[in-house]
């Protein structure tokens, strides 16, 4: 990690010189396909900092090296030996309790409407998908460099280790042996639902730090002795076990911009950095709505806010005469050959969930730091802005006003299916750059008939939809 950090320092200290040589754009590629695009001329400086000293390590556990990306604790939170069951915790809570239900769950209003870690369309949407350290029971209880494992870290434990059912001091569970031969023991502690413990001795249920796997769910590593092992979504109110991982914090890269703003990125999350000459040739203004990104004032293919602009299939960069699965660039029959997240069901699985720059029509057409918005960014537009149905020059759509009072207009451009346009003037659909479960894609929708607006998954990638770009 230190060697990679040193490489980044050397590379980014060259930013001013590269700009003078004509390098316009810096690409920062992060894990899982996420990328940032920064105009070099906007950068004042880049600095690095090491993490502050971690809190005192209070754990009773040993950090076991299994030959994976992180070390795993030798026992559960609340335990002092590998076979001890330890405590039971609702997801995102740091204390045990007598009743585990929606009525007692910390992060809701007594119902399934979450007030934090809300990744669903609604007024409480915040886009948080990983527990903050203050809500991570492993970090709160043990300190040091301990935390709850992410989905990816649990998947690595599942995929790269052997799982053998056994007992330790008459306690049933699984011995999990890593590639290097070292092992940990996960006891079958069961789980709490309401005020009762269920399936103790036959089931192990271990929280990750990651939201997902279903509406309002969090990922959970769940097994039944001599039956099955599954990493899937579970009700966050359940009282489950927690097995921490040990992972020292990463160095942080700070990008300082000429306007006084700053972006910070954990060095451990950076896959690579590259530069390119791609000048900004957009016809639009970047509107600051008071959100995390600026939004274009018009659609791709348009030159004014009310103009419909072009229609594009997801991941394609040109318009065409027919929009169908037969003409879609990234499929053969009913199989997606790129951006395929169906690991269990498709030979074309690649795990890509964000459009690459070469497949992002906003970036290809307009250059600069323009790109299609992510799921988080369209969710933020939905949740933090005021939407008003109106018309401009006889074109219907929504005026979207941000927290700072600035606004954009999204025309109801309709959509294309096959060779025909539908609902032009009454419905609008706008692509994001993000893939969802089951290979669906996130999009913004607006509807004149019901005066509706929002964001959700759209299963058909081959349709022709509008694109409204964002920039950093």
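Read the figures in this text as sums done on the coordinates, not as results from a lab. Quick caveat: nothing in here was measured; it's all calculated off a predicted structure. Cβ sites come from the backbone with ideal geometry, for glycine too, and all protein chains shown count toward neighbours.
Which angle between 0 and 90 degrees, to the nearest 10, do you get for helix 151-160 versus the longest principal axis of the chain when only C-alpha atoms count? Roughly 60 degrees between the two axes.
So, R0 is 56 Å and r is the distance between the beta-carbons of residue 423 and residue 177; what FRET efficiency does that work out to, to 0.05?
Values: r = 57 Å, r/R0 = 1.01.
E(calc), rounded to 0.05, equals 0.50.
Judged by the ratio a/c of the largest to the smallest principal axis of the C-alpha gyration tensor, the range 138-235 counts as rounded, that ratio being less than 1.5. Sequence-distant contacts, meaning Cα pairs under 8 Å at least 6 residues apart, place the relative contact order of the chain at 15 percent. With semi-axes defined as the square roots of five times the eigenvalues of the C-alpha gyration tensor, the equivalent ellipsoid of the range 189-261 measures 36, 15, 12 Å, largest first. What is the range 362-413 by shape, rounded, prolate or oblate, if you read a ≥ b ≥ c off the alpha carbon gyration tensor as root eigenvalues and call it rounded for a/c under 1.5, prolate for a/b larger than b/c, and oblate otherwise? It is oblate, given that a/c is not under 1.5 and a/b is not larger than b/c.
Between residue 258 and residue 170, the modelled label-to-label distance comes to 7.4 nm, taking each label 7 Å out from Cα in the direction of the beta carbon.
In the chain, the longest principal axis of the Cα atoms and the axis of helix 375-384 are about 80 degrees apart. Taking a ≥ b ≥ c as the square roots of the eigenvalues of the Cα gyration tensor, an a/c ratio of 1.5 or more together with a/b larger than b/c marks the range 63-246 as prolate. Centre-to-centre, using Cα atoms only, the range 98-175 and the range 223-251 are separated by 6 Å. Roughly what angle does helix 2-12 make with the longest principal axis of the chain, taking Cα atoms, 0 to 90 degrees, to the nearest 10? Rounded to the nearest ten degrees, it is 10. Placing pseudo-labels 7 Å out from each Cα toward the beta carbon at residue 96 and residue 393 gives an inter-label distance of 6.8 nm. Taking 0.36 nm per residue of separation and subtracting the current Cα-Cα distance, fully stretching the chain between residue 128 and residue 325 would add 67.6 nm. Taken along the Cα-to-beta-carbon direction at a fixed 7 Å, the label points for residue 112 and residue 195 span 2.5 nm. Scaled to the globular estimate 2.2 N^0.38 Å, the Cα spread of the chain, given as radius of gyration, is 1.07.
Where does each of 375-383, 102-110 land if you order them by average Cβ count within 10 Å, highest first?
Numbers: 375-383: 21.9, 102-110: 15.8.
So the peptides 375-383, 102-110, ranked by packing, come out 375-383, 102-110.
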